[in-house]
Amino acid sequence: MAPRPESKVADQIAPERSVSAGRKFKIALAGFGTVGRSVAKLLSQNPHGPLILTHIFNRNIERKKVDWIPGHVRWTEQIEDVLASDADILVELMGGLEPAGEWVSQALRAGKSVVTANKLLIADRGPELLRLARQTGRQLQFGASVAGGIPAIIAIQEGLAGDRLYRIAGILNGTCNYILTKMEATGAGFDSALKEAQELGFAEADPTSDVEGYDARAKLVILTQAGLRVNVRSEQIPCAPISPIDAVDFGYARELNCTIRQISIAQKDTKNGLRLLAAVRPTPPLCALCG
Ligand SMILES: NC(=O)c1ccc[n+]([C@@H]2O[C@H](COP(=O)([O-])OP(=O)(O)OC[C@H]3O[C@@H](n4cnc5c(N)ncnc54)[C@H](OP(=O)(O)O)[C@@H]3O)[C@@H](O)[C@H]2O)c1
């Protein structure tokens, strides 16, 4: 099933306990792109529910307007309209480090909680922003930034809160997984598998972040901080692209009872140090995931 970051964003806006308390929350949305539009649609489906969409912020807002957004929602291209508003929660879906980071900080300082799917921002400034949220008595929720369709972050933070984790390993990038699976199944070369992924909407026009491993690396940073409770920076994690892989490599991998996937691994060693790797390599699946 395709990941649904918008569902995770919507879940995180309204934790069940707050909703059951009968409170209504005013929501300001920053970023009306792929995820932002879907979140707005979910919020607009239940106009009498506990979540009231009040603002939509985006640059050049005129070209973004659609007729299915309720009339009371204010469209704006001035972030100040959002920051100075009485919205309880800012949902940040613009992406990128800045100005998103500055606006998330300002929203927390203005007494708003923040929900974001921005993996780059959380990987880069997560601990600092979480500290700020604690200081201002607000929440910063970022479950949609990693594995948006499954409750990975909340499972680690709440479901496994009493456990000590030492190793996180997995496939964190769907685009690379699609490309490598296609190459393996059909014998296609990297370029044609990438082209097909782009045509089907599984890869972006500029695939650098996925193919080079930067997207998986940002997710690994977040999972490492949440799961292993170690602060690590993206630059500390070696990262290898999948573009040099050729269709013929799958044949060699098969001879070794291996396949080729982009596996992200973070491991805390027993002396409490940290050994980290975000790499692509021919790996027996069981060894990669189970050690
Ligand atoms: N797409 C996914 O499946 C997915 C999954 C998980 C997480 N995420 C994360 O969710 C976030 C949004 O992703 P997306 O795919 O929805 O991106 P997107 O389609 O590019 O949407 C971003 C929106 O924000 C607007 N925006 C960007 N910078 C802005 C700025 N400085 N001022 C005002 N508006 C600005 C963009 O306006 P323009 O139209 O003018 O560019 C666009 O409407 C990212 O952090 C991404 O990593 C996405």
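The values are calculated or read from the model by the stated rules, or taken from the named source; none is laboratory data. Here the structure is a predicted model, which means the values were calculated and not measured. Heads up, the Cβs are rebuilt from the backbone with ideal geometry, glycines too, and the neighbour counts pull from every protein chain shown. Just so you know, the surface numbers come from the protein's heavy atoms only, side chains and all, with ligands and any DNA or RNA stripped out. Shrake-Rupley method; radii C 1.70, N 1.55, O 1.52, S 1.80 Å.
Quick one: is Arg138 open to solvent by 50 Å² or more (accessible area, probe 1.4 Å), more than 16 Å from the ligand (Cβ to nearest atom), not hydroxyl-bearing (Ser, Thr, Tyr) and not in a helix (DSSP H, G or I)?
Yes: the conditions hold for Arg138.
Any chance segment 213-224 includes a residue that's in the same structural domain as Gln262 (by TED's automatic domain parsing), within 26 Å of Ala253 (Cα to Cα) and small (Gly, Ala, Ser)?
Initial filter on segment 213-224 (in the same structural domain as Gln262 (by TED's automatic domain parsing)): 213-224.
Then keep just the ones that are within 26 Å of Ala253 (Cα to Cα); that gives 213-217, 220.
Keeping just the survivors that are small (Gly, Ala, Ser) gives 213, 216.
Yes; the residues of segment 213-224 include at least one that is in the same structural domain as Gln262 (by TED's automatic domain parsing), within 26 Å of Ala253 (Cα to Cα) and small (Gly, Ala, Ser).
Which members of segment 245-291 meet the condition of being modelled with pLDDT of 90 or more, more than 20 Å from Leu223 (Cα to Cα) and of a type in the set (S, T, N, Q)?
Passing the criteria: only Thr259.
When both residues are 6+ apart or on different chains and their Cβ atoms are under 6 Å apart, which pairs have a first residue that lies in segment 197-212 and is touching a residue at least 60 places away in the same chain (Cβ under 8 Å), and a second that is open to solvent by 60 Å² or more (accessible area, probe 1.4 Å) and not in a helix (DSSP H, G or I)?
From segment 197-212, no pairs qualify.
Considering segment 142-174 alone, what residues qualify as being of a type in the set (S, T, N, Q) and either more than 21 Å from Thr208 (Cα to Cα) or at pLDDT 95 or above (or both)?
Within segment 142-174, just Gln157 meets the criteria.
All but one of (1) under 19 Å from the mean Cα position of the chain (by Cα); (2) modelled with pLDDT of 90 or more hold for Cys239; which doesn't?
(2)
Select from segment 24-42 the residues that are over 17 Å from the mean Cα position of the chain (by Cα) and in a helix (DSSP H, G or I) and write down the one among them that is nearest to the ligand (Cβ to nearest atom).
We begin by selecting, within segment 24-42, every residue over 17 Å from the mean Cα position of the chain (by Cα); these are 24-28, 40-42.
Checking which are in a helix (DSSP H, G or I) leaves us with 40-42.
Working: Ala40: 11, Lys41: 13, Leu42: 14 Å.
So, considering only residues that are over 17 Å from the mean Cα position of the chain (by Cα) and in a helix (DSSP H, G or I), the one nearest to the ligand (Cβ to nearest atom) is Ala40.
Among the residues of segment 67-80, which ones are within 12 Å of the ligand (Cβ to nearest atom) and open to solvent by less than 40 Å² (accessible area, probe 1.4 Å)?
Thr76, Ile79
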